[in-house]
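Engineer: Before I ask anything, let me first share the structure, which is written out below as structure tokens.
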Amino acid sequence: MIEILTSPDHVVALKLSGTISGEDYDQIVAALEARLDRHERVGVLVDLVGFNDFTFEAGAKDLRYGLRNLW
């Protein structure tokens with residue numbers, strides 16, 4: 001599960017807990033992309049205290065997103 005925390009517009013602040021699903025990952029990317037549409041650079045703050053794991057789907061989406069943005 002993710003919770004998007006209140007933060008300045010140039011910062012993405014998230015609290016992750018439990019197991020992150022593919023749908024959760026989509027929310028993370030949407031929050032990040034929305035900030036990047038408004039700012040050239042953004043900061044990211046992530047609270048991982050309750051984080052346990054992520055699903056295969058979330059991991060695959062992360063790999064695709066990372067590779068797509070590498071070039």
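Engineer: What are the residues in segment 43-65 that are surrounded by 10 or more Cβ atoms within 10 Å (Cβ to Cβ) and either under 18 Å from THR6 (Cα atoms) or of a type in the set (Lys, Arg) (or both), if any?
Structural biologist: Residues satisfying the conditions are GLY43, VAL44, LEU45, VAL46, ASP47, LEU48, LYS61, ARG64.
Engineer: Let me ask something else. Hey, can you tell me all the residues within segment 28-71 that are in contact with a Ser or Thr (Cβ under 9 Å, 6 or more places away or on another chain) and of a type outside the set (D, E, K, R)?
Structural biologist: Here is the first cut: in segment 28-71, the residues in contact with a Ser or Thr (Cβ under 9 Å, 6 or more places away or on another chain) are 43, 45, 47-55, 57-58.
Result: GLY43, LEU45, LEU48, VAL49, GLY50, PHE51, ASN52, PHE54, THR55, ALA58.
Engineer: Picking from ALA58, ALA13, which residue would you name as being within 11 Å of the chain's Cα centre (by Cα), at pLDDT 95 or above, of a type in the set (Gly, Ala, Ser) and part of a helix (DSSP H, G or I)?
Structural biologist: Values: ALA13 fails: part of a helix (DSSP H, G or I).
One residue alone meets the criteria, ALA58.
Engineer: Yes or no: SER7 assigned to a loop (DSSP other than H, G, I, E, B), surrounded by 12 or more Cβ atoms within 10 Å (Cβ to Cβ) and in contact (Cβ under 8 Å) with a residue 12 or more places away in the chain?
Structural biologist: Against the criterion (assigned to a loop (DSSP other than H, G, I, E, B), surrounded by 12 or more Cβ atoms within 10 Å (Cβ to Cβ) and in contact (Cβ under 8 Å) with a residue 12 or more places away in the chain), SER7 qualifies.
So that you can scan it fast, the table gives a plain yes or no per residue for (1) modelled with pLDDT under 95; (2) acidic (Asp, Glu); (3) in contact with a helix residue (DSSP H, G or I) (Cβ under 7 Å, 6 or more places away or on another chain):
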position	(1), (2), (3)
THR19	no, no, no
ASP24	no, yes, yes
ARG35	no, no, no
ARG38	no, no, no
VAL42	no, no, yes
LEU45	no, no, no
ASP53	no, yes, no
LEU67	yes, no, no
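Engineer: Now for a different question. Anything in segment 30-42 that is loosely packed, with under 13 Cβ neighbours inside 10 Å, touching a residue at least 24 places away in the same chain (Cβ under 8 Å) and assigned to a helix (DSSP H, G or I)? List them, or say none.
Structural biologist: If the condition is that a residue be loosely packed, with under 13 Cβ neighbours inside 10 Å, touching a residue at least 24 places away in the same chain (Cβ under 8 Å) and assigned to a helix (DSSP H, G or I), then ARG38 is the only one that fits.
The values are calculated or read from the model by the stated rules, or taken from the named source; none is laboratory data. Keep in mind that this is a model prediction, so the values were computed, not measured. Every residue, glycine among them, receives a Cβ derived from its backbone with ideal geometry; neighbour counts consider all protein chains shown.
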